[in-house]
Each structure stands twice: as C-alpha cells, then as structure tokens.
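Readers should treat all values here as calculations from the given coordinates under stated rules, not as data from a laboratory. A quick note: this is a predicted structure, and the numbers were derived from the prediction, not measured. All Cβ positions, even for glycine, are placed from backbone atoms using ideal geometry, and neighbour counts span all protein chains on display.
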Amino acid sequence: MKFLRILCVLALALCVTASVYAETQSVKVSGDLTMRGIYRNDYSMVSSVNEGATIDGTDKSWAMTVAAVQVDADLTDNVTTVIRLLNQRDWNVAHSATTTSPLNPTETANGDEFDVMVDLAYVQLKNFIYSPLTVTIGRQNLWFGRGFIVGANQQNPGNVGGTTDSTFVAGNLSAPEYTAINSFDAVKAVLDFDPWTITGIYSVIDNGSVSVRDNTDLWGVNVGYKFNKMNGEAEGYWFYKTDRGTIPLTDLKGNSNDVYTVGLRGSFDPISWITLAGEGAWQGGQYLESSLQSNSRTRSAFAMDFSGEIRYFTDKFAWKPKLGLEYIYYSGNVNDGDPTQAGGVYHGWDSMYRGKYDSAIREFVGKFYATNRYPVRNNYTQATADDSRTNQNQVIFLGSIQPMESLTVKGNYNLFWNIEGYDAGVKKSQGFVGQEVDIQANWDYTEDVSFNLLAGWFMPGEVYYDQGKAVATDLVGSVKVSF
C-alpha cells in the first residue's frame, strides 16, 4: 500500500511537471555587462570656471557600470514574455546636495546605487484575433525609422541627494546619455500585410498624480512599405504628444501644450554602393510653456534629415572604407521660449522622443547639460537657450575604416549653426554654434567581448562669444560582455 502511494505521488508530480513544461515551451536567459571609464573637461564651454552643480564640465573623471539580465519565455507558439532587469550606477560616486552653495557643496552618498530596475516587462501576442495582428503590452522599446521622432525614452532613475539644477534631474548616472533605460510603458499593435506594415501605439509617458489630470501621453500610427527594388523603403507617420503636466491644472484655462507630428521617411540604393535617405516632419498643435503665459500659441515647426552613404571603395581596399554626409534641420523661434509671450505662431521644434544622436557632446546640451553662457532657465520648456534639439542647422561628415577584421574605426565631423538668435538674459547672438570631432574605435576581442574607445572635442563658435571660450573634451573607454 505504501508503495502504491509512492507511485501515485510520482505520477502526480510527473503530470504537473509535464503540464508546466507544456505551458512554457522554452526559456532563454541572456544579458550584458558594460563598464565605462569617463574623462571630461570644459563642458561649460568656458575656461577656468569654478563650476557647481548646475553647470557640468571642468576636469572630472569617474567610472560606471550597466549590468542587465533578460529572460525570454515562449509560453506557446504565439505568446512570448520578456523581462529585463538591470542596475546602472557610477562607481561609488557621491553627489552634491542642495543645502549648500554649489561652489562649496556637501557630498551625499547615493543610497540607490545598487537598486535593480525594470527596463523591459511585456507580453507579445502573435496572430491575435486573426493572423496578421501582433499586440505587445507592457514596458517595451519603441523605435520607428531611424529614431528621428520616436526612438528612446531616456531615463536616469535614482535619488542622489538632490541638485541645485531645477531642470536636469539627478540620477544614478553622471553621464545620463549612456543610460540603458530607453523603454516606454506602451501598447503596440502591428498589422503585417507584407510588404505593408501598419503600427499603432499608445504610451503613458508620465501619469503624474492618479487623482489629477496632469499626465503626458503619446499616441501614434506608422505605415511602412518595402519595395522589391533598390532596397527601398518608405514610411509615413503621425504622432501626438499630449502634455497636461507643464503647468498646474488650475492654470490651464482651457489651453493645452500638445504636439502633432506628421512626417515621411524613405531610403533606397540608386546603385549598389550608394544609399540615400531622407525624412521630413511638420509639427502642429498648441504651445503652452508655463502659468506666466495667459493663452496657448499655435505651433508650426519643421524638421528634416537627409543623408547619403558611399561604399564604392569598400570592396576595392583592404581597410573597407565608407564615406557619408548628412544634413539635419530643426526650425527655431524668435525670442524662443519667452513665457510671457501669448501671441503669434510658435516655430520651435519639439524633439519628441528622439533616439538618434550623431555627436558625443553638442547634441546633449539642453537635454542633460547646460553651458555657462546659456544656463538653465526656469519656466521654460526649452531648458537652455542653446538647446541642441531645436533652432539648429547641422552638417555631418562621416567615415569609417576596418584596419583588421575585428577592428573598426569611425569618425565624424559636425558643424552647427543656430537659426534664430539666442536670448538667455545674457546676450543675444546668432551664427556659428561650433564644430565637433568624434573618433571611435571598436575592437571585437571575441564574439562576446568588445572594447571601445571614444574621443570627442566640441569647439565652441561665435555664439559663445570670444572671451574665455574652451574646447569641451569627452574621453570614454568601455568594455562590453554579452551572454
């Protein structure tokens, strides 16, 4: 009898085990580990400045790590779940508190340094309701085209003791452009009618207080088509960002701060060794900067990105050289961001959730960093007058070589001009913003381990005046392991 009970228990365990195995067809565990050493100097664009918490730049060095583990589980043929956990941190870096002068700050240890954060957490349902439809629900990455409009929701979580800077929120990373958290809390539906693809999204960017209507949401539709000749592709899109958190709800008075972005993108190879690409977008909606603005203003802004790559010499020389050229334009506004101005059309470009960046230094000014000449501005949605994501012409010369099979060297030379004169309460200026040289070498040590070295120099132009200008330097060495 005892033997029979044992057999029954074993049979029941086998049935349960078989049931669990059937419900989870396969589980894949992967991850990556990236360590960086960073040296920076003169991000303020001014030499010999004793910089505090609000201006990032003079002669500093530190190290950081991003460690991530991802679990992909196929529950059935059509149901997949993905969870990615990570920790990103500066190596034992203390940060300046707000209670003292930025010239003599009190250093506070980072209590969130070793926190584990959720980057991805979503379920994907293939052939949902009927075969062409795939629905993805949860925290996921969103990237459309080249990431010119929607590509990254860069976040830098962590409470590091505060900052005197009211615009750039401190987090675990002192170089937040290297954050590994670029995901959106979203619902995405994809209809695949090859060669057509139709994608719709809804994302909660910031829910604010649940009891108050102060949220920021993103809606969008993207329609893509792939041609069977010349490696051609085309996309048309509409994205709508509704922002109710810019000012208190009691001050809205029926006004709104919304952005409608409509655009077209395409690329093709007219001949096998040339790729041409272009994208143009227009923004409408209402612009409302703060409670100092009595009425919202009509938006009308424009941006474009045209590029070309030449691979003619790639197969003719051992070092496989490539050359490229790109032009980017963001419209700007006269007296951009004057919060007291209530009338007229607003022409400043809103960068939305751009994921594509072509330089190491300049394109993060106004997003994560402020310069001495154009410091942080309160009551402005454009964080600094010299914000790199609006009011700008940019020309990029690109090139790459492969001296050996496992080594790739890339370089680009960037030129920047503003369109409308800056007015940050210091001095109005219009003209050449500056030039930047970035050189990057990547060595694939093995299939799983790579080393990278980045060197970038931004040389400020006439809009930073002539007195005391300094070249901003960024040196980053990194090693990445993937498993």
Completion exercise
For region 64-69, in residue order, the Karplus 3J(HN,Hα) values (coefficients 6.51, -1.76, 1.60; θ = phi - 60°; whole Hz; Gly and Pro = x) are 8, 9, 10, 10, 9, 10
Practice task
Provide the per-residue ³J(HN,Hα) series for region 430-437, in order, calculated from phi with Karplus coefficients 6.51, -1.76, 1.60 and θ = phi - 60°, each as a whole number of Hz, with x at glycine and proline positions.
Solution key: 9, x, 7, 7, x, 9, 9, 10
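Ranked highest first by the average count of other Cβ atoms within 10 Å around their residues, in what order do 343-352, 196-205 fall?
Working: 343-352: 18.7, 196-205: 16.8.
Peptide ranking by packing, descending: 343-352, 196-205.
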Exercise for the section: Rounded to whole Hz and in sequence order, give me ³J(HN,Hα) for region 469-483 from the Karplus expression 6.51 cos²θ - 1.76 cosθ + 1.60, θ = phi - 60°, writing x for Gly and Pro. Expected result: 5, 9, 7, 7, 10, 9, 10, 9, x, 9, 10, 10, 10, 10, 9
Practice task
Determine, for each peptide in 448-458, 385-395, the mean count of other beta carbons within 10 angstrom over its residues, then list the peptides with the highest first.
Solution key: 385-395, 448-458
Handout entry: In nm, spacing of pseudo-spin labels at Glu462 and Asp192 (7 Å Cα→C-beta vector)
Key = 5.4 nm
